[in-house]
Amino acid sequence: MSTSFDVFVKEMQDFFCPDKVYIMDGSQEEAERLTEVAQKSDIDGRVVLKKLNGQEYPNSYYHRSNTNDVARTEHLTFVCVPVKDQAGPNNNWLDPKEAKEKMRSLFKGAMKGRIMYVIPFVMGMPKSKYAKNCVQITDSVYVALSMRIMSRVGKQAIERIGNSSDFFRGIHSIGDVNPDRRFIMHFPQDNLVMSFGSGYGGNALLGKKCYSLRIGSYLGYQEGWLAEHMIIIGVEAPNRKITYFLGAFPSACGKTNLAMLDPVLKGYKVWTLGDDIAWINIGEDGRLYAINPEAGFFGVAPGTGYKTNPIMMETLKNDKFFPTLFTNTAVDNSNNTPWWEGISDEVSFNLIDWQGQKYDKNSGKPAAHPNSRFTVSIYNCPTLSPEYDNPKGVPISGIIFGGRRKDTIPLVYEAKDWNSGVFTASIIGSETTAAASGQVGTVRRDPMAMLPFCGYNMGDYFQHWLNIGKKTKKLPKVFMVNWFRKDDDGNFMWPGYRENSRVIKWMIDRIEGKTGARESEIGLFPQEGAIDLSGLSIKKKIMDKLLNVDKEDWKKEVIMIEEFYKKFGNKIPKDLMDHLKELKEKLGV
Ligand code: SAT
Ligand code: MN
């Protein structure tokens, strides 16, 4: 497989038998040409793209996918390495030889009558030593256009690759969008992903979850860095000092909202660097530095509105260089604009739902698919940090982990040190919501929010985190948050959203050594009055409850953690087992 770019393209052409081969150059003219092509071509009888109202949403297009192809398909996603244990219980496994044979039989001749798009791209700023060279093959113009938004496509990538054979290969065909013939196969040892039968983001934009997280985490394990499912933000304080944070949350915890938070506290500002993925390296000064390998947002539309995330609304409406895509939202036929639940309080009479039918308000169903998405360039974000394009990345002072829990997990606590932080992150649990399949409200473990994205055995991954701690000179502080605690009547106890900046201010005070902390069984709590509550009416009794260890809840929690750890057998590092043992002792379990 280690052939040069030209040879790889020729091999792919001979194999897929497309009518035409098109090598992308990333130019503005190309964007115009491809959006033209997409407005004329169809998948399953539906045009790929329709232009939306350019006054309301400049340079924006609408895409409706096949109704069976609206989300990542984890059960059809495999990590293919010679030994099953290397993939771990956190991945589906297949022998690489068998997997390649299976994929070759699906791929053979699959592009007859189609155009084969060759997408040379860089994940990360091309000047950065942390950036990686990649090439994706696809027969979907929607995927080709999406890749242009989400990564740095074109000449710079071809120049960086040169005659080298050292680049990631992502081979994709949308096939006939049949869920019975849909596979996403990862070959970490070959720096290769093969994906067939889906056009959906996480399955088909191979630079994203497939490369930047699954293959990336494996490369990081080999090379001494971390590929994480994290936002990157810079928080500016009234003294103009900016503190950089990473944040990892399972889905439906408001991750994207936090990435572009408008703090309620005067004088504070959040600068956005990333909303999904961070690559973290040890810099020359021995600190951790993060870059966002992506160049766009692939965000969930429902729930995004002027109240919850005005910055994202502005991003979507920005007059833009890159086209913005809306996928599986509803469309308001009265003015040809995209519409979804939560964009505004009113429901227009003229909605066409995500499946193309006239929407009936009384149907009890949403008009937009719950996982409908926008794909938009990060350069349209008004709060984009000036450091976003810094090839060195930004120095990280704090890592925020979180989950959605109605009980047990306090509003915020700090891990005592790095290893306790790794333990805290390894035990993250979050309640499932209606947007995910399965039972609503049950707690699922999702360490570091990486369970579906760690490309190797998660036990080894925990050890890798501990090792990074040993190699780093000045480690960031690690915090755990839960914005979603409820009282006995089922009401949220903490107001959330912009008010979360109060908790982040406390973190900055901790990082700067301006405030002490109160020890507890699970970690360090804010001292009385240390969270700035000015202008917020919240009872002391509630704050006390939010910042407390409920021993009975935690006794149940440690049992669940123990069960989860057991799945990984002796792969769980001794240090984490010791932390669990210590916690059990403190709780008297
Ligand atoms: O997996 S996707 O990248 O398509 C969406 C997500 O879960 O973040
Ligand atoms: Mn994600």
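Dipole of the chain computed with +1 at Lys/Arg Cβ and -1 at Asp/Glu Cβ about the Cα centre; of 542, 495, 511, farthest Cα towards the positive end is 511. Surface composition of the range 156-292: carbon and sulfur make up 45 percent of the accessible area, probe 1.4 Å. Sorting 555, 320, 566 by solvent-accessible area of protein heavy atoms yields 566, 555, 320, largest first, with a 1.4 Å probe. Taking amide H positions as modeled 1.01 Å from N, with prolines and chain starts lacking one, the residues under 5 Å from residue 277 and 5 or more places away or on another chain are 230. Assign one of three labels to the range 198-292, namely rounded, prolate or oblate, based on the Cα gyration tensor with a ≥ b ≥ c the square roots of its eigenvalues; rounded applies when a/c is under 1.5, prolate when it is not and a/b is larger than b/c, and oblate otherwise. Cα axes put the range 198-292 in the oblate bin.
Using 0.36 nm per residue and subtracting the Cα-Cα separation, the extra length available between residue 550 and residue 75 on full extension is 167.4 nm. Counting Cα-Cα pairs of the range 299-407 in 5 Å increments starting at 0 gives whole-percent bin shares of 2, 11, 17, 19, 16, 14, 10, 6, 4, 2, 0. Judged by the gyration tensor of its Cα atoms, with axes a ≥ b ≥ c, the range 300-341 is oblate; a/c meets the 1.5 cut and b/c is at least as large as a/b.
Here the peptides 256-265, 466-475, 73-82 are ranked by packing, the mean other Cβ count within 10 Å, and the order with the highest first is 256-265, 73-82, 466-475.
Residues 63, 579, ordered by accessible area of protein heavy atoms at a 1.4 angstrom probe radius and largest first, appear as 579, 63. Let a ≥ b ≥ c be the square roots of the eigenvalues of the Cα gyration tensor of the range 42-124; is it rounded (a/c under 1.5), or, if not, prolate (a/b larger than b/c) or oblate? Note, shape of the range 42-124 comes out prolate. Sorting the segments 335-346, 220-231 by their residues' average number of neighbouring beta-carbon atoms within 10 angstrom, most packed first, yields 220-231, 335-346. Surface composition of the range 377-421: carbon plus sulfur atoms contribute 49% of the solvent-accessible area (1.4 Å probe, protein chains only, all chains present). Listed values for the range 187-201 are Karplus-derived 3J(HN,Hα) couplings in whole Hz (6.51 cos²θ - 1.76 cosθ + 1.60, θ = phi - 60°), namely 10, x, 6, 9, 6, 9, 10, 10, 9, 9, x, 9, x, 6, x, and x replaces Gly and Pro. The equivalent ellipsoid of the range 451-542 has semi-axes of 30, 20, 12 Å, largest first, where each one is the square root of 5 times an eigenvalue of the Cα gyration tensor.
What share of Cα pairs, in percent, lie more than 12 angstrom apart in the range 201-249? The answer is 69 percent, as a whole percent. Cross-link reach is defined here as a Cα-Cα straight distance under 12 Å, omitting same-chain residues fewer than 8 places apart; for residue 473 the aspartates and glutamates meeting it are 284, 285. For the range 553-567, backbone phi angles converted through the Karplus equation (6.51, -1.76, 1.60; θ = phi - 60°) give residue-by-residue couplings of 4, 5, 4, 5, 4, 5, 5, 5, 5, 4, 4, 5, 4, 4, 4 Hz, Gly and Pro being listed as x.
Take the solvent-accessible surface of the protein heavy atoms, probe 1.4 Å, and return the percent of it on the range 464-589 that carbon and sulfur atoms account for. Reported share for carbon and sulfur atoms: 49 percent.
Measuring only protein heavy atoms, the 1.4 Å probe finds residue 582 accessible over about 80 Å². Exposure check, 1.4 Å probe, all protein chains in place: residue 134 carries approximately 0 Å² of accessible surface.
In a reduced charge model with +1 at each Lys and Arg Cβ and -1 at each Asp and Glu Cβ, the range 324-472 shows a dipole moment near 440 debye about its Cα centre. Between amide H atoms placed 1.01 Å from N, distances below 5 Å from residue 518 occur with 525, 527, all of them 5 or more places distant or on a separate chain.
With a 1.4 Å probe rolled over the protein heavy atoms of all chains, the accessible area of 348, 195 falls in the order 348, 195, largest first.
Rolling a 1.4 Å probe over the heavy atoms of the protein chains gives the chain an accessible area of 40 Å² per residue.
Here residue 574 sits with roughly 150 square angstrom of accessible surface, probe radius 1.4 Å. Pairs with C-alpha atoms separated by more than 23 Å, drawn from the list 266/406; 317/505; 269/474; 505/540, are 266/406; 317/505; 269/474.
Count the DSSP beta bridges whose two residues both fall in the chain, then state the antiparallel fraction as a percent rounded to the nearest 5. Counting only bridges with both partners in the chain, antiparallel ones make up about 65 percent. Take the Cβ atoms of residue 577 and residue 520, set R0 to 22 Å, and the FRET efficiency comes out at 0.55. With 32 Å as the limit on Cα-Cα distance, the pairs of 20/100; 208/514; 470/584 that go past it are 208/514. Fully extending the segment from residue 534 to residue 406 would add 43.6 nm, taking 0.36 nm per residue of separation and subtracting the current Cα-Cα distance.
Amide H contacts under 5 Å for residue 399: 246, 477, 478, 479, restricted to partners 5 or more places along the chain or on a different chain, H placed in the peptide plane at 1.01 Å from N. Take each peptide in 484-492, 98-106, 116-124, 150-158, count the other Cβ atoms within 10 Å of every residue, and average; sorted highest first, the result is 116-124, 150-158, 98-106, 484-492.
Per-residue 3J(HN,Hα) values for the range 65-81, derived from phi via the Karplus relation 6.51 cos²θ - 1.76 cosθ + 1.60 with θ = phi - 60°, read 8, 4, 5, 8, 9, 10, 7, 5, 10, 5, 6, 10, 10, 10, 10, 10, 10 Hz in sequence order (x marks Gly and Pro). Remark: spin-label model distance residue 32-residue 180 equals 4.6 nm, labels positioned 7 Å along the Cα→Cβ axis. Set against the 2.2 N^0.38 Å expectation for a compact globular protein, the chain has a Cα radius of gyration ratio of 0.95. Measuring from centroid to centroid over Cα atoms, what is the spacing of the range 50-115 and the range 1-38 in Å? If you average the Cα positions of each part, the centres end up 18 Å apart. Assuming charge only on the beta carbon of Lys and Arg (+1) and of Asp and Glu (-1), the dipole of the range 471-546 about its Cα centre is about 420 debye to the nearest 20.
The values are calculated or read from the model by the stated rules, or taken from the named source; none is laboratory data. Bear in mind the structure is a predicted one, so any value in this text is a computation, not a measurement. FYI the Cβ positions are ideal-geometry reconstructions off the backbone, even for glycines, and counts take in every protein chain you see. Accessible surface areas use protein heavy atoms only, side chains included; no ligands, DNA or RNA. Shrake-Rupley method; radii C 1.70, N 1.55, O 1.52, S 1.80 Å.
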